[in-house]
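One structure is given here, and the rest of the page talks about it.
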Amino acid sequence: MTQYFTKEGLQKLKDELHQLKTVENKRIVKLIAEAAAFGDLKENAAYHDARDKMSFLRMRVSELEGAINEAIVKEKDGTNKIQIGSKIKIVFDGEELDYEVVAPSEADILKNKISYQSPLGQNLIGKEVAKEFDFMAGRKKVKVKILKIGN
């Protein structure tokens, strides 16, 4: 499935992949070798733990490679509409909030980064400054107004 990323978000995935393939892979191979040196592999918890770590690493590498291969970097198109990578200021239920609209893998509500695929993100994409709309936050209908769109 194609996913859109900011340049920074795609680079973050590439950096993680590089870290896993170079540093983490060597570390886990070393753990497996050290644990295997203890002997009997059937009841060797350290060996089985290291093998589990290797399985997880391989799975994550595969996920990252798939995401990177299918990624599309979404460049700003020069319009004044909210798009991936936009930094926005909105009024959400009477409170001013700053967000950055990003890819799902970059989303981090604690850093005010919301996914373009989230319910709020889907409502924001393509809208312009001063646009107002109603948004269902759980069971509560709230007013949202776009105050500012930046890079």
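The values are calculated or read from the model by the stated rules, or taken from the named source; none is laboratory data. Keep in mind that this is a model prediction, so the values were computed, not measured. Using ideal geometry, Cβ is built from the backbone for each residue, glycine included, and neighbour counts are taken over all protein chains shown.
Taking the conditions exactly as written (at positive phi and without any contact (Cβ under 8 Å) to a residue 24 or more places away in the chain), does N112 satisfy them or not? Walk me through it before giving the result.
Numbers: at positive phi: yes; without any contact (Cβ under 8 Å) to a residue 24 or more places away in the chain: yes.
Taking the combined requirement at face value, the residue satisfies it.
Which of the following residues is in the same structural domain as D134 (by TED's automatic domain parsing) and surrounded by fewer than 17 Cβ atoms within 10 Å (Cβ to Cβ): V23, V61, V91?
Numbers: V23 fails: in the same structural domain as D134 (by TED's automatic domain parsing); V61 fails: in the same structural domain as D134 (by TED's automatic domain parsing).
Testing whether each residue is in the same structural domain as D134 (by TED's automatic domain parsing) and surrounded by fewer than 17 Cβ atoms within 10 Å (Cβ to Cβ) leaves just V91.
Among (1) on the phi < 0 side of the Ramachandran plot; (2) surrounded by 12 or more Cβ atoms within 10 Å (Cβ to Cβ); (3) of a type outside the set (F, W, Y), where does E96 come up short?
With (1) on the phi < 0 side of the Ramachandran plot; (2) surrounded by 12 or more Cβ atoms within 10 Å (Cβ to Cβ); (3) of a type outside the set (F, W, Y) applied to E96, the lone miss is (2).
Can you tell me how many residues within segment 135-151 are assigned to a loop (DSSP other than H, G, I, E, B) and without any contact (Cβ under 8 Å) to a residue 24 or more places away in the chain?
As a first pass, look at segment 135-151 and keep what is assigned to a loop (DSSP other than H, G, I, E, B): 138-139, 151.
If we keep only those that are without any contact (Cβ under 8 Å) to a residue 24 or more places away in the chain as well, we get 138-139.
The qualifying residues number 2.
How many residues, within segment 120-134, are in a strand (DSSP E or B) and free of Cβ contacts under 8 Å to residues at least 24 places away in the same chain?
In the first step, residues of segment 120-134 are kept if they are in a strand (DSSP E or B); the result is 128, 132-134.
Remaining after also requiring free of Cβ contacts under 8 Å to residues at least 24 places away in the same chain: 132-134.
Going through segment 120-134 one residue at a time, the tally reaches 3.
From the list K87, K143, pick out the single residue that is among the basic types (K, R), under 28 Å from A67 (Cβ atoms) and in contact with an Asp or Glu (Cβ under 9 Å, 6 or more places away or on another chain).
Details: K143 fails: under 28 Å from A67 (Cβ atoms).
After ruling out the rest, the residue left standing is K87.
Just one of the numbered conditions (1) over 30 Å from K30 (Cα atoms); (2) in the same structural domain as I32 (by TED's automatic domain parsing); (3) charged (D, E, K, R) is not true of E132; which one?
It fails just one condition, (2).
What pairs come out if I take residues in segment 1-17 that are under 16 Å from V102 (Cα atoms) and pair them with residues that are surrounded by fewer than 14 Cβ atoms within 10 Å (Cβ to Cβ) whose C-beta lies under 7 Å away, six or more apart or interchain?
Between residues of segment 1-17 that are under 16 Å from V102 (Cα atoms) and residues that are surrounded by fewer than 14 Cβ atoms within 10 Å (Cβ to Cβ), the close pairs are T2/E70; T2/I72; Q3/E70; Y4/I72.
Given the criterion closer than 20 Å to I146 by Cα and hydroxyl-bearing (S, T, Y), identify the matching residue among Y4, Y47, Y99. Break it down stepwise before answering.
Details: Y4 fails: closer than 20 Å to I146 by Cα; Y47 fails: closer than 20 Å to I146 by Cα.
Testing whether each residue is closer than 20 Å to I146 by Cα and hydroxyl-bearing (S, T, Y) leaves just Y99.
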